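Read the structure below first, then the notes.
The values are calculated or read from the model by the stated rules, or taken from the named source; none is laboratory data. As the structure is a computational prediction, the values presented were derived from the model and not from experiment. Glycine gets a Cβ as well: all are built from the backbone with ideal geometry, and neighbour counts include every protein chain shown. Side chains included, ligands, DNA and RNA excluded: accessible areas come from the protein's heavy atoms. Shrake-Rupley method; radii C 1.70, N 1.55, O 1.52, S 1.80 Å.
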Amino acid sequence: MNKEMLGALDALEREKGISKDIVIEALEAAMVSAYKRHYGQAQNVEVEFDQKKGDVHIYSVKEVTEEVMDSQLEVSLKEALKINPAYEIGDMIRFEVTPKDFGRIAAQTAKQVILQRVREAERSIIYNEFSAYENEIMQGIVERQDRRYIYVNLGKIEAVLSKQDQIPNEVYQPHDRIKVYIYKVENTSKGPQVYVSRSHPDLLKRLFEQEIPEVYDGEVEIVSIAREAGDRAKVAVKVENPDIDPVGTCVGPKGQRVQAIVNELKGENMDIVEWNADPAVFIANALNPAQVVDVIFDDSQRACTVIVPDFQLSLAIGKRGQNARLAAKLTNYKIDIKPESELETIREELASKKAQAAEETLKVVEEDTNAEQSQIELPIMEDNTENEESEALVDEELVMPGAVIDIPVIDEEDEKE
């Protein structure tokens, strides 16, 4: 070890961003390992790295005892007093035991340990750096691909883009520059693993923030996003300031702002609708470009029936049901689209359902009432049999044995009177 080693440590810290203290700690651990392997003793060994000269010193630490049982771990008080008269029993003394040929042995043994520590430090730095970018958007360069992933170079690491995270029908060529959304960063045994996506709904949100300053500043808020990557997306926006048009702000003059996002997503169609606190209005906006005649809600669940003009039924449903499906995702309502010609029938069915539900509710209430009444406890009648018997006994005791009791005879005439 010499000053060249110190220069190498400084260069490693400057170029790789790895702290010199971490590498020195790895060096000291490597020296202990090397000494143990070649000299069979390391349980009381300390390594000291001189950061000024670049030299390594190995010390054997021994305890001062009255009687030495193990010469490798203990030193007698008599020998300790020769070194310093202030030593007492229980003190720890360091003896330098650096072998003459230890430099060569240490260099060979410590090489792999140092490299491993350096790799671990690099992985930790990369993981901490990209963890801060989780749920953010970055620009990368397509490097290569295999059957499972497309590998995107983000600078210090290669991120993986799986098939389900790719935009369907989008072709990725080496050296293509693409914007990706980092949705997960893991610290695995093989190092940090970064997962990116081109189909994630939040990629669209981050693109809006990049292209539209009002969205980035919070003046225009993105409430929800429904997206079928590569084909079509719906974005619901709202504002607190009534003087700002949220849809016009996002579209931009001649559609320039939203067109930049569409170009980045390879022509994905974009519907920007205004959010409304009234669910009926919001659902009608979400079904744009179709016109909505009425929105009838089902009270029993988060569902509704939307009435549209007959000639716009296919427009409201969309190709393969896409428009209705995206509107349902955007509003979080189950949407059933019906033509205006069936409006009266739908209302009658709805009224019938409500009446049936009311009858069932009334029936349940009556059953509960009857059940409660059946559980009411009736008052317990007192048993007076014992009292009557006791009174009879008392009467019998009052009549003396052999006594004659005169019972007056009442004539019929007296009875009539």
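Values computed for the structure shown
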item	result
Qualifying trypsin sites (Lys or Arg not before Pro) for segment 65-105 [loop in DSSP, other Cβ within 10 Å: at most 13]	Lys100
Accessible area of segment 136-197 belonging to carbon and sulfur atoms, whole % at 1.4 Å probe	42
Alpha-carbon centroid distance for the pair segment 250-292 / segment 206-233, whole angstrom	10
Qualifying lysines (Cα of each under 21 Å from Cα of Lys156; at least 8 residues distant if same chain)	Lys16, Lys20, Lys179, Lys184, Lys190
Glu67/Lys156 FRET efficiency (R0 60 Å; Cβ-Cβ; nearest 0.05)	0.50
Order by protection proxy (mean Cβ within 10 Å, highest first), peptides 212-225, 243-256	212-225, 243-256
Linear extension gain, Asn269 paired with Ser352, 0.36 nm per residue minus alpha-carbon span	25.8 nm
Solvent-accessible heavy-atom area per residue, rounded to whole Å², over segment 284-365 at 1.4 Å	61
Cα-based Rg and Dmax for segment 136-197, where Dmax is the largest Cα-Cα distance (Å)	10.9, 34
Segment 63-72 - phi-based ³J(HN,Hα) in whole Hz, Karplus 6.51/-1.76/1.60, Gly and Pro as x	9, 7, 10, 6, 10, 7, 9, 9, 5, 7
Proximal lysine pairs, segment 284-365, alpha carbons under 20 Å, eight or more residues apart or interchain	10
Packing rank of 284-295, 311-322, 193-204, where each peptide gets the mean count of other beta carbons within 10 Å, highest leading	193-204, 284-295, 311-322
In nm, spacing of pseudo-spin labels at Val223 and Arg147 (7 Å Cα→C-beta vector)	4.7
Evaluated at q = 0.11, 0.25 Å⁻¹: base-10 log I(q)/I(0), Debye formula over Cα of segment 284-365	-0.33, -1.17
Peptides 338-350, 20-32 ordered by average Cβ neighbours within 10 Å, highest first	20-32, 338-350
